[in-house]
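Here's the structure, in C-alpha cells; my notes come after.
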Amino acid sequence: MSIPPPPGPQQPQDPYAAPTPPQGAYPQAPYGPQPYGPQGPGPYPPPPYGGPPYATWGQGYSPFTRPSPVNGVAIAALVLGVLCFLPAVGLILGIVALVQIRRRGERGKGMAVTGAVLSSVGLALWVLLLATNAGTDFWEGVKEGAAESSFSLDRGDCFDVPGPGFDEDVYDVDEVPCAGEHEGEVFAVVPVTGRDFPGDDRVTALAEDKCWTLRSAYAMDTWALGEDVDVYYLVPTADSWDWGDHEVTCVFASVDESGTLTGSLRSDASTLNADQVAFLNAMNAVDAVLDQEPQDYPEDDLAVNKDWAADVRDAFGEQAAALRAHSWPGTSATSVEALAAEMEDIGEDWGKAATARDVDRFYTYYDRGYESVDGKTTVTARKALGLATTPPVYDEESGGDGGGGSGRLDV
C-alpha cells in the first residue's frame, strides 16, 4: 500500500497553480466575499484563476522577439568593395562599421569584413597599376575606345546627326547607308599632329585649307554636287582632344538645315571611267588656280593680282595641251578639241591682264577671261562624256577662297 506524503510544505505543488498563501497571510474581508475588480480588494479573481500576477518586463517587447538592426555603414562598405569603386573609402567604412557594430550590438559584421577585404584588394591593385604604368595604358585604351565608339567615320561614310540636325556642337553620329537619305558624307579625314591641343584657331585654319583642297579629289565632278551642297568640317575641341579625338573630318552636307542628301556624291576613279577622269583632272586644275584669287582688290595691290593672272594664263595653256594629248572616244573628240581651243583663247586674255599697265586695263581682260569659263563649249564637252551639265552657282560674296558656306562643327 502506498503511504501518503506527510502534510505540510513538503507536499508537491502543481507548478501551474497559483501559490497558496500561508494561513493568515491575507486578511479576510470583514463582510464575507467581496467582488473582485476595481471595486474589490484586488484586480485578480480567486483560484483557479487567481493569485498574484506574474512578473513583467519593464519594456513593451522582449529583446528576443525583435532582431537587432543591420549596420548601414557595413552595407556601404560591402557595396564599394564589390564594385571596387573608391577602394580606400570602402576600407575605411569597413573598419568604422566593425567599431559601431561592437559598440551598438548591431548586425552586419560579415558584410563589414567582406567589404574591407575586397576594398583592400582593390586598393592594392590600383597601387600596382600605377607603379607599373599599366594604369596609364589602361586609361589611354579607355579614352581611345570612348572616342572610337562615339565618333568614328572614314572616307566615304554617310551619317545622320541625332537631333534636329547640324549645329555648332556634334557629340555623336549615326552611320547610315549612302544609298538612302542622309545628312552628311565624309570625303576626307585629316590627322591633326602634335601631343597637345593646338587651339581652336589652328584647327579651324587646318580644316579650311585641307577640306577645300581635298573635296575635288573625292567629288571630281563638282558640277554634280548641286547648289545646295557645301563643305563642312568636324573638328576636335580641347575636351574631345583629351579623349583621343585628333582628326579633322571633312564632310559634304546640305546648306538647308532641314535638307538631306540622297545617294553618294563620290565621283573619282572608283566611279568614273578613264576619259571622264582625264577631263575632270584638266578642268579641276584650272579651277584650283582660279580659287587662289588674292584677297586684296587690284585697286589695293595690282602687282599681286597681276602675278595671279599670270598663273591663270599658264594653267589654261597647260590644261588645253593636256586635253589634246588624250585620245577621246567617238564624237567626244570634236567637243573636247573645241574646248581646248577656247581655253587657249581664254589664256591669252589672262595673259593681257597679267601685263596690264593700270587697274582699268586689268579689269577689262579680267572680265573677258571669266566670261568664257564654264561656257557653252564646256557644257557640250561634258555632255559628250556623260558628266553633269549644270554649271555651279558661285557666291559672289564668298571671296576667292572658296569658303562661302562652309562651317565649323565642334566634335
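Listed by first and then second residue, the pairs with beta-carbon distance under 9 Å, at least 6 apart or on different chains, first residue in the stretch 186-212 and over 21 Å from Asp157 (Cβ atoms) and assigned by TED's automatic domain parsing to the domain that holds Thr260, second assigned to a helix (DSSP H, G or I) and of a type in the set (Val, Ile, Thr), are Phe197/Val203.
The residues of the stretch 178-202 that are of a type in the set (Gly, Ala, Ser), touching a strand residue (DSSP E or B) at 6+ places or on another chain (Cβ under 8 Å) and surrounded by fewer than 18 Cβ atoms within 10 Å (Cβ to Cβ) amount to a single one, Gly180.
Does the stretch 274-297 contain at least one residue that is surrounded by 19 or more Cβ atoms within 10 Å (Cβ to Cβ), part of a loop (DSSP other than H, G, I, E, B) and touching a residue at least 40 places away in the same chain (Cβ under 8 Å)? No, the stretch 274-297 contains no residue that is surrounded by 19 or more Cβ atoms within 10 Å (Cβ to Cβ), part of a loop (DSSP other than H, G, I, E, B) and touching a residue at least 40 places away in the same chain (Cβ under 8 Å). How many of the residues in the stretch 214-247 are within 10 Å of Ala188 (Cα to Cα) and touching a residue at least 60 places away in the same chain (Cβ under 8 Å)? Total satisfying the criteria: 2.
Screening the stretch 372-390 for residues that are among the β-branched types (Val, Ile, Thr) and under 15 Å from Ala320 (Cβ atoms) and picking the one that is farthest from the chain's Cα centre (by Cα) gives Thr377. Counting only residues that are assigned to a helix (DSSP H, G or I) and either modelled with pLDDT of 95 or more or on the phi > 0 side of the Ramachandran plot (or both), the stretch 212-222 holds 1 of them.
Return a yes/no flag: does the stretch 329-341 have any residue that is under 19 Å from Lys383 (Cβ atoms) and among the acidic types (Asp, Glu). Scanning the stretch 329-341, I find at least one residue that is under 19 Å from Lys383 (Cβ atoms) and among the acidic types (Asp, Glu), so the answer is yes.
The values are calculated or read from the model by the stated rules, or taken from the named source; none is laboratory data. Computed from a predicted model, the values in this text were never measured in an experiment. Cβ: placed from backbone, ideal geometry, glycine included. Neighbour counts: every protein chain shown.
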